[in-house]
Amino acid sequence: MSLFPPTRLVRLVHAPLLFSALVTACLLMFPAGLNGQKTAKPVLHGSHWVAITGKPLAATAGARMFHQGGNAVDAAAAMLAATSTMWDVLSWGGETQALIYHPGEKRVIGLNALGVAPSGATPEHYRAEGHEKFPPEFGPLAAVTPGTPGGLLTMLAEWGTLSLADVLAPSIEMAEGYPIEEDPVRRIQGALDEIRQWPTSMDVYFTHPEDEENPGPREGEMFRQPGLKRTLERLVAAESMALAAGKSRKESILAAYDAFYRGDIAKDFVAGAQAAGALITMEDLDNWQVYIEDPVSTSYKGIDVYKLTTWVQGPVMLQALNMLEQLDVKALGYNSANYMHALYQVMNLAFADRDFYYGDPYFPPKEPIQGLLSKDYAKARLETVDWERNDPNAKPGDPYLFQGGENPFKHLLERWGQRNVVTTTQEDDEMMLEPQGRQPGRSSGKLDSEAHAALDEDFYLGTTSIQAADENGWVVSITPSGGWIPAVIAGKTGIGLSQRAQSFVLNEADNPYNVIEPGKRPRATLTPSMALKDGRPFLSFAVQGGDGQDQNLLQFFLNVVEWDMNVQQATEAPNINSFQMRGSFGQHETRPGRMLLQDATPPWVRNTLEGMGYELTFSDRTSGPINAIFFDWTNGTFWGGSSHHGDDYGIAW
């Protein structure tokens, strides 16, 4: 039985909405409806392998590994290296989060390669530097330790088949020079003032220093990074020396790990980072480690959905699915006002829990993940929903009641309120945009062209994602990020420092599980996803876009499971986005009731939502680029999807 009362549904429906419901019903009844919708890009079909990521050249790097006999892990590692080299809104100093399906063990494995706060990174230090609530967005004090090199090397050593020399060959070629694409060119031009603060960054980004107004590269010119090329070659040299000394393949790749985190590369990186004002020490790099973990999961109508745990935001999607499983989702009607309202309210509750309870599970206090993912907790949370209006004051629940134990922060929970609420003027909105994909500012109504361009840049193209699968059963889903333009570059290493420290808080009242301290990981937004059905891979999927990631992945998943879309249709379909949660970047702002809709949303749906208390904004694209693989066990093939919302690209065979 649906928890959405039918009598209330009737009261919510105005005459125009009845027409909308009839149209929706027709779409669901006939094959030419949702499943017959046209897409801007075709489904990517393959039977041997598939490689999808944020840039065409990087997808080619993955395809090269398959042609050399590598598996999906090798291909994913090559794509990770290539996107980091191309500054695809990340660099080599960023962080890597991955889910890997191991066909031999028939299980999903989590890879945690998120950097940690360095020595001296305490709330007191940041307050002394003039930051009262959160670490800064940019610059050396925003840096955590680099995680991507360690994540790539660990993944390759544990589950790959090729050598590090093979996997890094495309990136070394690109560091020597590749035709740079329009996106990083635009980002460099838009961040000239920040880049000019850091001479080592100017050396890399400013290829035309004589041109004061436009010192950066031009689209299509050969962009050369000699410092990064030397660093990557030193990693390969460390592997080569170990092999020559009789070490195994795995030991030799891990010798490159030691070179980066304990050897000469580490020394050069730390010297360059500290010269720019960062807090990172040799001890920080030496103590940092990659964790191989068990992911968390839930079951939605017989499909097991996997996410990384509370050091990222991934469990919010699982919490949302636990609530939605108790509704008759199809009865709401695809993208009807009632469906959008239900999604928004469920996300309100899940993200409120994220904002209070999520943090690094390797540091006390222990996050109440058992209670958060309890089906009974989901039912209790759903009972608090007002099905007629948005609740702008939705708060975290108390999951301890569903796992046992006393909530150690009940006093903070009782005082939880709407901090950093932002009024929604156009001027405020445009000021709040940021390069990784933090909640973008939008004005009510249609965005003007300048704001829309900024929206595309900052919300939809933040981070990148990587999907790879092969005929032997290996599946890899990665959402890497960090060290995006404008980054502080550590000396002559060519490595951009991460800016992820800004996702910490400085005050316990803003999230007692996510207060910064040395050695701790910030609660990141990065959230690869995987789903199994009948014990076999069903979907592998990820998306770019900061706090929007799990909102859009939730709707992608429902598009496939509830609305019978194929994988490409689901990546391109219009979504809603909420801005009621606390942002994870900058000043962690919140905009209660703000909802982004697709331009084509009918007027009767808009009117109904406005009557429910929503402030609506519109765009032709309402999601970051989603990349995904559907596993067709009937035909023994892969169906790849890569949305038309960015430069993302896939290759299959």
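Out of Asp328, Asp284, Asp304, report the one residue that is of a type in the set (Asp, Glu) and closer than 16 Å to Ala531 by Cβ.
Values: Asp328 fails: closer than 16 Å to Ala531 by Cβ; Asp284 fails: closer than 16 Å to Ala531 by Cβ.
Answer to the check: Asp304.
What are the residues in region 345-372 that are open to solvent by 20 Å² or more (accessible area, probe 1.4 Å) and either farther than 22 Å from Ser503 by Cβ or of a type in the set (Ser, Thr, Tyr) (or both), if any? Explain how you work it out, then say what you get.
Step one: list which residues in region 345-372 are open to solvent by 20 Å² or more (accessible area, probe 1.4 Å), which gives 361-366, 369-370.
Selection gives Tyr362, Gln370.
Determine if region 114-129 includes at least one residue that is crowded, with 17+ Cβ neighbours inside 10 Å, within 29 Å of Val475 (Cβ to Cβ), aliphatic (A, V, I, L, M) and at pLDDT 95 or above.
Checked region 114-129: at least one residue is crowded, with 17+ Cβ neighbours inside 10 Å, within 29 Å of Val475 (Cβ to Cβ), aliphatic (A, V, I, L, M) and at pLDDT 95 or above.
Look at Asp284 and say whether it is more than 26 Å from Thr527 (Cα to Cα) and modelled with pLDDT of 95 or more.
Working: more than 26 Å from Thr527 (Cα to Cα): no; modelled with pLDDT of 95 or more: yes.
No: the conditions fail for Asp284.
Any chance you could count how many residues in region 359-372 are more than 16 Å from Tyr291 (Cβ to Cβ) and part of a loop (DSSP other than H, G, I, E, B)?
Kept after step one, since they are more than 16 Å from Tyr291 (Cβ to Cβ), are these residues of region 359-372: 364-365, 368, 370-372.
Imposing the further condition that a residue be part of a loop (DSSP other than H, G, I, E, B) reduces the set to 364-365, 368.
Counting residues in region 359-372 that are more than 16 Å from Tyr291 (Cβ to Cβ) and part of a loop (DSSP other than H, G, I, E, B) gives 3.
With closer than 19 Å to Ile495 by Cβ and among the aromatic types (Phe, Trp, Tyr) as the only criterion, which of Phe223, Phe134 stands out? Let's see the steps before the verdict.
Values: Phe134 fails: closer than 19 Å to Ile495 by Cβ.
The conditions single out Phe223.
With a cut-off of at least 2 residues that are open to solvent by 10 Å² or more (accessible area, probe 1.4 Å), name the helices (runs of 4 or more DSSP H) lying wholly within region 255-344.
Ranges flagged: 264-275, 282-287, 329-332.
Of the residues that sit in region 603-630 and are touching a helix residue (DSSP H, G or I) at 6+ places or on another chain (Cβ under 9 Å) and open to solvent by 40 Å² or more (accessible area, probe 1.4 Å), which one is nearest to Ala394 (Cα to Cα)?
Checked region 603-630; the qualifying residue nearest to Ala394 (Cα to Cα) is Gly611.
Can you find a residue in region 76-98 that is modelled with pLDDT of 50 or more, charged (D, E, K, R) and open to solvent by 60 Å² or more (accessible area, probe 1.4 Å)? Walk me through how you get there before you give the answer.
Our first condition is that a residue be modelled with pLDDT of 50 or more; within region 76-98, this holds for 76-98.
From what's left, charged (D, E, K, R): 88, 95.
Then keep just the ones that are open to solvent by 60 Å² or more (accessible area, probe 1.4 Å); that gives none.
No, region 76-98 has no match at all.
Can you give me the ranges of the strands (runs of 3 or more DSSP E) entirely in region 460-534 with at least 3 residues that are in contact with a Pro (Cβ under 6 Å, 6 or more places away or on another chain), crowded, with 24+ Cβ neighbours inside 10 Å and at pLDDT 95 or above? Before the answer, list the steps.
Working: elements: 466-470, 475-478, 529-533.
The qualifying strands (runs of 3 or more DSSP E) are 475-478.
Could you tell me whether any residue of region 413-421 is open to solvent by 10 Å² or more (accessible area, probe 1.4 Å), in a helix (DSSP H, G or I) and among the aromatic types (Phe, Trp, Tyr)?
Initial filter on region 413-421 (open to solvent by 10 Å² or more (accessible area, probe 1.4 Å)): 413-421.
Remaining after also requiring in a helix (DSSP H, G or I): 413-414.
The next check asks that each one be among the aromatic types (Phe, Trp, Tyr); those that pass are none.
For region 413-421, residues open to solvent by 10 Å² or more (accessible area, probe 1.4 Å), in a helix (DSSP H, G or I) and among the aromatic types (Phe, Trp, Tyr): absent.
So which of Ala600, Ala652 is open to solvent by 40 Å² or more (accessible area, probe 1.4 Å) and among the aliphatic types (A, V, I, L, M)? Full working, then the answer.
Values: Ala652 fails: open to solvent by 40 Å² or more (accessible area, probe 1.4 Å).
Sole residue among the options that is open to solvent by 40 Å² or more (accessible area, probe 1.4 Å) and among the aliphatic types (A, V, I, L, M): Ala600.
Go over the candidates Ala58, Ala40 one by one and state the one that is open to solvent by less than 20 Å² (accessible area, probe 1.4 Å) and either farther than 27 Å from Asp564 by Cβ or part of a loop (DSSP other than H, G, I, E, B) (or both).
Numbers: Ala40 fails: open to solvent by less than 20 Å² (accessible area, probe 1.4 Å).
Of Ala58, Ala40, the one residue that is open to solvent by less than 20 Å² (accessible area, probe 1.4 Å) and either farther than 27 Å from Asp564 by Cβ or part of a loop (DSSP other than H, G, I, E, B) (or both) is Ala58.
The values are calculated or read from the model by the stated rules, or taken from the named source; none is laboratory data. Treat the numbers as computed from the prediction; the structure is a model and nothing was measured. Cβ sites come from the backbone with ideal geometry, for glycine too, and all protein chains shown count toward neighbours. With ligands, DNA and RNA removed, areas are computed over all heavy atoms of the protein, side chains included. Shrake-Rupley method; radii C 1.70, N 1.55, O 1.52, S 1.80 Å.
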